[in-house]
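Chemist: I have a structure here, written as structure tokens, and I will follow up with some questions on it.
Computed from the coordinates by the stated procedures, all read-outs in this text should not be read as laboratory data. Treat the numbers as computed from the prediction; the structure is a model and nothing was measured. Every residue, glycine as well, gets a Cβ built from its backbone with ideal geometry; the counts of neighbours run over all protein chains shown.
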Amino acid sequence: MNPSRFVLAAGTAAASVLLLSGPAFAHVGVQPVGQAAQGGYATVNVKVPNERDNASTVKVEVNFPLDHPLASVMPQPVPGWKVEVTKSDLDKPLTLHGKQISQAVSKVTWTADGSKIGPGQFQQFPLSLGQLPEDTDQLVLKAIQTYDNKEVVRWIEEQKGTEEPQNPAPVLKLSPAGEDHHGAAATSAAPSASVSASADAKGAEGASGDHAGTETAAASSTDTTARVLGGAGIVVGIAGVAFGILAGRRRSA
């Protein structure tokens, strides 16, 4: 095949794939900033892209599940948008920090107030969430997007199999509680304390051991450097021989 035709065909195929796969990613989603661990607190961004070429998004509503209630949902102010937090009564009170909570946030609504999400644009709406539930690995946050032409898109479909639905609901994935960064810090601190106590007990013996270890490391580094330089010399030598053979053949020809 002609190389130029091959490049043209490959480019056309790639463009087709991008064109067909693009809309699948243009939906309302929720993304954690850092980690969202079970039983902890997290900051998340509700990402709202505008899917229409002839209309702008003027209202976004995100619903929170009451079967896994959150006692605290705090929105960060977004210029040009007013926000409203709606709470609902719980069938079963929630215990948080030793206190009984009978209500939880069920909905957060952002309404355009001097700003819009125009065609080809997106907007992020930050939220602080807590305390995250410990008995589930995800939260489904159903969303409703309203355009200035009165069109309403409901992002409420839950994924049942491997195929993504047409209007998937935003899903916040929760990591296991053991992966929380505070726990990791505590684990890494324990070996440091153990090493320190061991060094104090050994005293001068530990110091001499460190000196010997330094000398060993230096010797190892020198040996490695020598091997690298030796290998490089061999490669250069082989290249020189090959060049000489080729030059000789050219002269004889």
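Chemist: Can you give the local net charge around T86? Use residues other than it whose beta-carbon is closer than 15 angstrom to its beta-carbon, Lys and Arg +1, Asp and Glu -1.
Modeler: On the way: positive: K59, K82, K87, K107, K142; negative: E61, E84, D89.
It works out to a net charge of +2.
Chemist: Related question: Fully extended, how many nm does the chain gain between T111 and D67 (0.36 nm per residue separation, minus their Cα-Cα distance)?
Modeler: 13.2 nm
Chemist: Using amide H atoms built in the peptide plane, which far-off residues or other-chain residues are under 5 Å from A37 H to H?
Modeler: HN-HN under 5 Å from A37: S175.
Chemist: Then there is this: What pairs in K82/K160; K87/K150; K47/K87 have C-alpha atoms more than 32 Å from each other? Provide the component values of the computation, followed by the final result.
Modeler: Numbers: K82/K160 34 Å; K87/K150 26 Å; K47/K87 22 Å.
In this structure, K82/K160 lie more than 32 Å apart at Cα.
Chemist: Give, as a single signed number, the net charge of other residues whose beta carbon lies under 13 Å from the beta carbon of P165, with Lys and Arg counted +1 and Asp and Glu -1.
Modeler: Spelling it out: positives minus negatives among the neighbours equals -1.
Chemist: Next up: Count charges around A55 for me, please; just the other residues with Cβ under 15 Å from its Cβ, Lys/Arg as +1, Asp/Glu as -1. Mind showing how you got there, number by number?
Modeler: Numbers: positive: R52, K59, K116, K150; negative: E51, D53, D148, E151.
Residues near A55 contribute 0 overall.
Chemist: Between I101 and E164, what length in nm is gained on full extension when 0.36 nm per residue of separation is reduced by their alpha carbon distance?
Modeler: Computed gain between I101 and E164 is 19.1 nm.
Chemist: Per-residue counts of other Cβ atoms within 10 Å, averaged by peptide: what ranking do you get for 90-102, 147-159, highest first?
Modeler: Ranking the peptides 90-102, 147-159 by packing returns 147-159, 90-102.
Chemist: Now for a different question. Under a plain spin-label model, where a point goes 7 Å from the Cα along Cα-to-Cβ, how far apart in nm are D53 and V85?
Modeler: 4.1 nm
Chemist: Taking square-rooted eigenvalues a ≥ b ≥ c of the alpha carbon gyration tensor, is segment 50-94 rounded, prolate or oblate, where a/c under 1.5 means rounded and, failing that, a/b exceeding b/c means prolate?
Modeler: prolate
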